[in-house]
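Undergrad: Sharing a structure below in C-alpha cells format, with a few things to ask.
Bear in mind these aren't lab numbers, they're just calculated from the coordinates by the rules spelled out. The structure displayed is predicted, hence computed values, not measured ones. All Cβ positions, even for glycine, are placed from backbone atoms using ideal geometry, and neighbour counts span all protein chains on display.
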Amino acid sequence: MLELILVYLTSFGVALYATPALIRVAILKRLTDVPVEDRKIHKRSIPTVGGIIIYAATMFSFALWYKIEDGKMYDEIYRSIDEFKLIIATSLVLFFVGVKDDIIGTAAVKKLFAHILVALILVLIGNIRITSLYGIFGVWAIPYWASVFISLFTYVVVVNAFNLVDGVDGLAAGVGLIACLAFGTWFVFAGNYSLAALSFSLAGALMGFLVFNFAPAKIFMGDSGSLIIGLFVCILAIKLIELPVEKLDKFWVHISKPMFVIAAVIYPLLDTLRVFVIRTLKGQSPLVADKNHIHHHLLHRGLSHAKTVIIIYLFTLVTIAVSLLGYFIPDANLALAILVGVALVFLFFVLILNRKHEKVS
C-alpha cells in the first residue's frame, strides 16, 4: 500500500512541478489554442499541449515503481512484462498522434486509423479483450469473434469519448481522475499491484494537472492528453472486467464488474452516445464538432465552468455509488436498468432546465 502511495505522489509531484515550465514554453513557441471558432468557449489563447505532462508523469511514475508481485509463477511474470511493453508501445502511438494534432492538426481519418491500429495490437497481440458480459442481458461467455469485435468497438468508443468531452476546464481530467481512483481501489482489493500502480500513477498525474487545468484553466491537455486518458482508462476497464475474483472479499465479489466500469465512465459514454445520435439524425458526420454536449447545456444555463464540472463530478460519484448497490441486487439486468435510469434522470433535468432557461432569456 505504501508503494502505491509513492506511485501517486510521484506522478502528482512531477505534474505539479513541470506544468508551469511547459506553460511558459508553450506560450513562447505559440503552441496555444486561439479562440477563433464560434464553438470555442474560452476567450483567450491558452497552451494546449498539457497532455505531454500527463503522459510523462504517468509513465515516469509507473515505470519507476513498476514491479512483479512476489509469488508469481513464470508464465504470470512473462505475461505481466508483456502487458507492460504493450502499454508503452500503444500509448506512444496515440501520444504522438495527439501531439501532432495539438500542434499542426491531424486528419480525422488518420486519427481513426491510429485508434484501430492500437486496438488491434491490444486485442489480437495483447489479448486484452472482453470475453464475457457476466450476466448482462443474460449473456455470459461470448465467441472469440464477438469478443474481438466488442473489444475493438469498446477501445474506439472510450478513447474518442474522453476526447469529445474535453470541452470544459477540468472536465476530462476530473472524470478521468475519478475513474482511475475507482479502478485503483478495486485493483487494491483484488491484490493486483501492477494495474493498481497504473491507475494511481495516472490519477496522480491528473490531480497535479488539474491544479492548472481547473477553471480558469492556464493550460489545456489537448488530444495528446485526452487520447492517453481514454486509452489507459479503457485498458484498466477491460482488465477489471476480466479480473478473476478469487482474491476479492465477499462485498466486492457481489458487485457486477461491468456495472462498476460503466458507472465510472458513464458521463463520457452518455454524452458521446447522445451527440452521435443527434448528429446522425441531422445527417451530419458524428465526428463534426459542435456545442451540443451536456456540459455545453449546463454552461448555457449560466453556470460557470467550475460549477459545471463539479456537477458532472458529483454525477459520476453518484453512479459509482449506485453500482455498489449492486451488492443488494443480484440481478445484473435490474442493476443495469437502475444505473441507466439514474443517467437518464440526470440527462432529463439538464436538458429540461436548459430549455426553461432559454425561454426565460
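Undergrad: Among 257/291; 218/291; 67/239, which pairs are too far apart, with a Cα-Cα distance over 24 Å?
TA: From the list (257/291; 218/291; 67/239), the Cα-Cα distance tops 24 Å for 257/291.
Undergrad: Work out how far the C-alpha atoms of the stretch 2-360 reach from end to end along every principal axis, then list the three figures in whole Å, largest first.
TA: 57, 45, 37
Undergrad: Still on this structure, please answer the following. Could you pull out the longest piece of the chain with no exposed loop GluC sites (Glu not before Pro) in it, calling a site exposed if DSSP puts it outside H, G, I, E, B and it has at most 16 other Cβ atoms within 10 Å?
TA: So the longest stretch without any such site is 70-241.
Undergrad: Taking 8 Å as the Cα distance limit and 6 or more residues as the minimum spacing, I'd like the relative contact order of the chain as a percentage.
TA: 23
Undergrad: Right, here's the next one. Given 46, 187, 84, which one lies farthest toward the positive end of the charge dipole of the chain, if we put +1 on the Cβ of every Lys and Arg and -1 on the Cβ of every Asp and Glu?
TA: My answer, from the dipole projection, is 46.
Undergrad: Separate question: Net charge around residue 97, counting only other residues with Cβ within less than 14 Å of its Cβ (Lys, Arg = +1; Asp, Glu = -1)?
TA: Net charge in that neighbourhood comes out at 0.
Undergrad: Lys/Arg Cβ at +1, Asp/Glu Cβ at -1, dipole of the stretch 146-267 taken about the Cα centre: which of 211, 259, 232 is farthest positive-ward?
TA: 259
Undergrad: Right, next: Once fully extended, how much extra length lies between residue 96 and residue 1, figured as 0.36 nm per residue of separation less the alpha-carbon to alpha-carbon distance?
TA: Once the chain is fully extended between residue 96 and residue 1, it gains 30.9 nm.
Undergrad: Between rounded, prolate and oblate, where does the stretch 177-238 land on the alpha carbon gyration tensor, with a ≥ b ≥ c its root eigenvalues, rounded for a/c under 1.5, else prolate if a/b exceeds b/c?
TA: Since a/c reaches 1.5 and a/b is larger than b/c, the shape of the stretch 177-238 is classed as prolate.
Undergrad: Ranked by Cβ crowding within 10 angstrom, fewest neighbours first, how are 1, 207 ordered?
TA: Going from least to most buried by this count: 1, 207.
Undergrad: So, one more: Once you've got the GNM for the chain with C-alpha springs shorter than 10 Å, pick whichever of 136, 266, 54 has the biggest mean-square fluctuation.
TA: Sorting by GNM fluctuation, first place goes to 136.
Undergrad: Then there's this: Among 94, 273, 195, which one shows the highest mean-square fluctuation when the chain is modelled as a Gaussian network with alpha-carbon springs under 10 Å?
TA: Fluctuation is largest for 273.
Undergrad: With +1 on each Lys and Arg Cβ and -1 on each Asp and Glu Cβ, and nothing else charged, work out how big the dipole of the stretch 2-360 is about its Cα centre, in Debye to the nearest 20.
TA: 1180
Undergrad: Which shape class, rounded, prolate or oblate, goes with the stretch 42-171 when its Cα gyration tensor gives a ≥ b ≥ c as root eigenvalues, a/c under 1.5 marks rounded, and past that a/b bigger than b/c marks prolate?
TA: Note, shape of the stretch 42-171 comes out oblate.
Undergrad: Shifting gears a bit: With runs of 4+ DSSP H residues as the only contributors, calculate the mean residue ellipticity of the chain at 222 nm using -39,500 (n - 2.57) per run, divided by the residue total and rounded to the nearest 500.
TA: Calculated at 222 nm, the ellipticity per residue is -23500 deg cm²/dmol.
Undergrad: Would you mind checking which residues have amide H under 5 Å from residue 33's amide H? H placed 1.01 Å from N; only 5 or more apart, or other chain.
TA: 46, 48
Undergrad: Still on this model: Give a residue-ordered list of calculated ³J(HN,Hα) values for the stretch 246-254 (Karplus: 6.51 cos²θ - 1.76 cosθ + 1.60, θ = phi - 60°; whole Hz; x for Gly, Pro).
TA: 4, 8, 7, 7, 5, 5, 5, 4, 8
Undergrad: Please list, in order along the stretch 318-328, the HN-Hα scalar couplings obtained from phi with the Karplus expression 6.51 cos²θ - 1.76 cosθ + 1.60 (θ = phi - 60°), rounded to whole Hz, x for Gly and Pro.
TA: 5, 5, 5, 4, 4, 5, 6, 5, x, 4, 9
Undergrad: Still on this structure: I want to verify a result. In a Gaussian network model of the chain, Cα cutoff 10 Å, which of these has the top mean-square fluctuation: 102, 331, 223?
TA: Judging by the Gaussian network model, the answer is 331.
Undergrad: Once Lys and Arg get +1 and Asp and Glu get -1 on their Cβ, which of 60, 201, 283 lies farthest toward the positive end of the dipole of the stretch 2-360?
TA: The listed residue farthest towards the positive side: 283.
Undergrad: Same structure, new question: If a/c stays under 1.5 just call it rounded; otherwise compare a/b with b/c (prolate if a/b is bigger, oblate if not). Do that for the stretch 135-233, with a ≥ b ≥ c from the square roots of the Cα gyration tensor eigenvalues.
TA: Oblate is the answer for the stretch 135-233, as a/c is 1.5 or above yet b/c matches or exceeds a/b.
Undergrad: While we're on this one: Separation of the stretch 257-320 and the stretch 192-206 by C-alpha centroid, Å?
TA: Taking the Cα centre of each part, the stretch 257-320 and the stretch 192-206 sit 25 Å apart.
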